1. What number of residues within the range 11-48 are touching a Pro at 6+ places or on another chain (Cβ under 8 Å) and within 17 Å of Gly64 (Cβ to Cβ)?
2. Go through the range 13-28 and give me each residue that's surrounded by fewer than 16 Cβ atoms within 10 Å (Cβ to Cβ) and either over 19 Å from Val140 (Cβ atoms) or touching a Gly at 6+ places or on another chain (Cβ under 6 Å) (or both).
Amino acid sequence: MPLYTVGRSAFTLSSAADSLTICSSAKPLRIMIADFKGLAVASSANEVIMYRATTAGSSLASGGITPAPVNSGSAAAAFTVYTVFGSSLESTAGAVMWRFGVNGNGGQDKFVSLPGGEISMPSSSYMGFRSSTGVSGAGVATANLFIEEVDG
């Protein structure tokens with residue numbers, strides 16, 4: 001089963017829109033690692049949530065990030081990762097899978113799965129990452145994801 005990395009650098013967190021949205025396609029996915037680091041010069045309290053979304057808005061996605069295969073012999077990923085949607089995603093009413101506490105000035109937090117503890121995404125599903133509401137920080141962060149594409 002092929003493994004892929006996805007990264008996004010120096011983006012401003014927002015509670016109004018996703019910073020990253022993973023869209024699985026014909027194959028299920030497993031998120032093995034999700035890593036966030038603060039990149040701002042000022043300290044700020046930030047909470048990034050990873051949550052399941054049931055729709056990905058009514059408009060086309062943009063800002064696509066091409067997942068990089070860990071093994072150079074692997075095929076291109078069947079899933080996509082976006083940074084912008086023409087209309088906002090559904091509210092964070094979907095189940096929150098993980099909460100990251102990231103200080104804007106160099107703070108780090110990550111999810112690293114134990115074997116069998118990966119966060120699963122069925123085919124044709126969405127996982128969003130955004131700043132939670134109620135936390136005052138809107139810091140600048142970088143993200144790294146390690147994702148397995150399951151031959152479903």
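1. 1
2. Ser25, Ala26
Readers should treat all values here as calculations from the given coordinates under stated rules, not as data from a laboratory. Since this is a predicted model, take the numbers as computed values, not measurements. Ideal geometry is used to build each Cβ from the backbone, glycine not excepted, and the neighbour counts take in all protein chains shown.
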